[in-house]
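Let me begin by presenting the structure, written as structure tokens, before commenting on it.
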Amino acid sequence: MAMPQNSTRENGFCFAQPLDFSRPSPHGGEAGRPLGAAVEGNGCSLPLSNGMAPSGAPSPSGSCAEPLCLPSPAQDETPLEEGIKYVSAEGEELACGWGGFTPGCLQLCNTSKGVLFFLCVASFLQGMTVNGFINTVITSIERRFDLRSYQSGLIASSYDIAACVCLTFVSYFGGNGHKPRWLGWGMLLMGLGSLLFALPHFTTGRYEARSAAQVGVCGGNQSLPCSQAASSLSGYRFVFMLGQFLHGMGATPLYTLGVTYLDENVKTNYSPVYIAVFYTAAILGPAAGYLVGGMFLNIYTEIGRETDMAPENMLWVGAWWIGFLGAGAASLLISIPILGYPQRLPGSQRYIVMRVSEAHQLKDGSHKKASDPDFGKTVKDLPRSVLLLLKNSTFIFLCLAGATEATLIAGMSTFGPKFLESQFSLSASEAATFFGYLVVPAGGGGTFLGGFLVNKFKLRCSGIIKLCLLCTVSSLLAIFIFFIHCPNMPMAGVTQMYDGSALPGGHLNLTAACNAQCGCLQDTYSPVCGTDGIMYYSPCHAGCRSVSVNPRNGKKVYQECSCVDKALLPDSGKAEAGKCTSLCAKKPLLLCFMFVVILFTFLSSIPALTATLRCVSDRQRSFALGIQWIVVRTLGGIPGPIAFGSMIDKSCLLWQDQCGEQGSCYIYQNSAMSRYTLVAGLVYKVLGTTFFVVACLLYKPPPPESAPGSLDASENGTSDLQEHKPSLPAEEDI
């Protein structure tokens, strides 16, 4: 059985001799030549390459002009290694190393699994730094450098802004260039960005904060005058923004070129699993960032200096900078092995020439332009590349569906801890840890499971889109759980009067007869839980006059609290620092369905990414991912937190007062928060479902007769022939 001798594909590769797909001989003789076995003749062997066909006719590709022949007397005596060895027509080096330094020990890592390992480490570091450390330390940075919330918001947004600016350039030129070099230099930029982000700690003076044991009790409240609130330290926000900008530039190749590099160097069926492992590492990174960053925040920022402040103190600043130093050094180190990888892994050409195109077919046939080997190598082809993608309706609606899912993911990651904090009356650190435990199995497991399902059922592009649709509908149904909520814990002067009666007209009234003589200030928010089960705005507002430390848990205990009901217990009239514990019976149900929403949201991420790679031409894959990331960030990642934040802020009961200006929200109304979260979730889930339905209906696969024949051989020698693949007459003898 022989294949056509001068067959070409859209990637420009050609076969140098007939491909032999023979089976092992049942008669015990020679088992037939393996795929790509050399054809002997004229004292040399012709490996499968981009050279000339045996007939002597030149290949249609300009790069296939001469046969690759290495005459050697010993060649006839040396048995061929099992598998196929490829040499690029351009003579590119496929060994792993740096320049001429390619030691043999490094070639053990010159495999798809080796690339996957280093890219997983890179994505883990990126997630830990940008989505973990940044979110964990932003409050400490605000406190240390006197930043307002909108200024810290600009710092966070600088990452996405840089990514949007660089995506078109990196994905277009990097997609046709040496991807590992782009990835390695990107990690170098990531490392420099992390080191720059930590620099302000070393260029500013020591952190000085007032500390007094009696601050916060009745008659002891003190606050800085508003004129002293501003500081020249706020100028360091530009250093943080530059660090985040470098983070964004460095991470740009990772999720565009890194994904396509993995996809090009593994079997088509295994690609979703490799990409799922890669993205799972990126999800585990933020979880590690939250845990490690939280641990560093329990260390005082001025290491080696003693202080009588505790981490619970509102003036405490932890060692926010340590994580960035470690992540920066690790990013610089991981860039070295990534820079050593070749443009293509050895043996990867067999996956390229055997891949069956599933690109969406345009009515005018213009999609065939991308099959030109020289297409996309110059800037003048950029407008045409963009136009081809814009005419690909399946790609466009997959991008829009990805933007809606990204909006939900960004909103959940930003405000998920705040939702748990309000609903279950948790501290900020407890809520962040709780949310991390929720996201790691749901997000990481869903990401990996999505890639596994695509590989397990050998799904084609249309089937993958249907899987995404099923996941979106499932999460849409689960999101109705936000109809229920936990009641607010009673708080004197905020949810009820000090005597337990309802607030007239819902207006706040933090002053009562029991604390009228204390001179309490509203800018000192430090909630305490009285022995009567009611929360108070601060120890001062509870009328407490002394403080001690509970030796069992290290929490502050306030005594002589005049506002706390003393008639209930003999040891009453006291209050403990922190919020009252919620005993909401709906807590397990809420957590269970939140897990389901997160699971199915992440379950569709890898299938959607795989469908994007399948519905475009091979030569446009990197550029298509770049365009998709731009759409996802501009329509989802950047406005997502803003949209969710605006909805949630409508449920605020108590705002911070900063010298007459409205600050952040202290207390939310749980029922309103659940209602607004439900509305936002339903809107975006319905939009996502609609976009996946339209993408599925508009997808037009290539006709069976136009799809090049290929054999997707598995490791055990069997073939996984999918729909639209022409059957191979395997029983025919040569």
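Heavy-atom surface analysis with a 1.4 Å probe gives the range 605-652 a carbon and sulfur content of 67 percent of its accessible area. Across the accessible surface of the range 384-438, with the other protein chains kept in place and a 1.4 Å probe, carbon and sulfur atoms take up 70 percent. Close amide H partners of residue 546, meaning residues 5 or more places away or on another chain with modelled amide H under 5 Å apart, are 559.
Between the range 611-643 and the range 431-506, what is the C-alpha centre distance in whole Å? For the range 611-643 versus the range 431-506, the Cα centre distance is 24 Å. The accessible-area ordering, largest first, of the residues 256, 307 stands as 307, 256, per a 1.4 angstrom probe. Computed from label points 7 Å out along Cα-Cβ, the spacing between residue 496 and residue 511 is 2.4 nm.
Neighbours of residue 650 by Cβ distance under 15 Å: Lys/Arg scored +1, Asp/Glu scored -1, total +1. A Förster radius of 30 Å combined with the Cβ-Cβ distance from residue 566 to residue 303 puts the calculated FRET efficiency at roughly 0.10. Residue order by solvent-accessible surface for 121, 549, 317 is 549, 121, 317, largest first, with ligands and nucleic acids left out and a 1.4 Å probe. In the assembled protein chains, residue 497 presents an accessible area of approximately 50 Å² (probe radius 1.4 Å). For the range 668-678, 3J(HN,Hα) computed residue by residue from phi via the Karplus equation (6.51, -1.76, 1.60; θ = phi - 60°) reads 10, 8, 4, 5, 5, 4, 5, 5, 5, 5, 4 Hz, glycine and proline entered as x.
Using a probe of 1.4 Å, the accessible surface attributed to residue 154 totals some 80 Å² when neighbouring protein chains are kept in position.
Residue 236 contributes about 50 Å² of solvent-accessible surface, heavy atoms of the protein only, 1.4 Å probe.
With the other protein chains left in place, how much accessible area per residue, in square angstrom, belongs to the range 435-524 at a 1.4 angstrom probe?
I get 46 Å² per residue for this part.
Full extension of the segment from residue 295 to residue 202, taken as 0.36 nm per residue of separation minus the current Cα-Cα distance, would add 31.4 nm.
The values are calculated or read from the model by the stated rules, or taken from the named source; none is laboratory data. Bear in mind the structure is a predicted one, so any value in this text is a computation, not a measurement. Neighbour counts are summed over all protein chains in view; Cβ atoms, including those assigned to glycine, are modelled from backbone coordinates with ideal geometry. Each accessible area value is taken on the protein alone, full model and side chains, heavy atoms only, with ligands, DNA and RNA left out. Shrake-Rupley method; radii C 1.70, N 1.55, O 1.52, S 1.80 Å.
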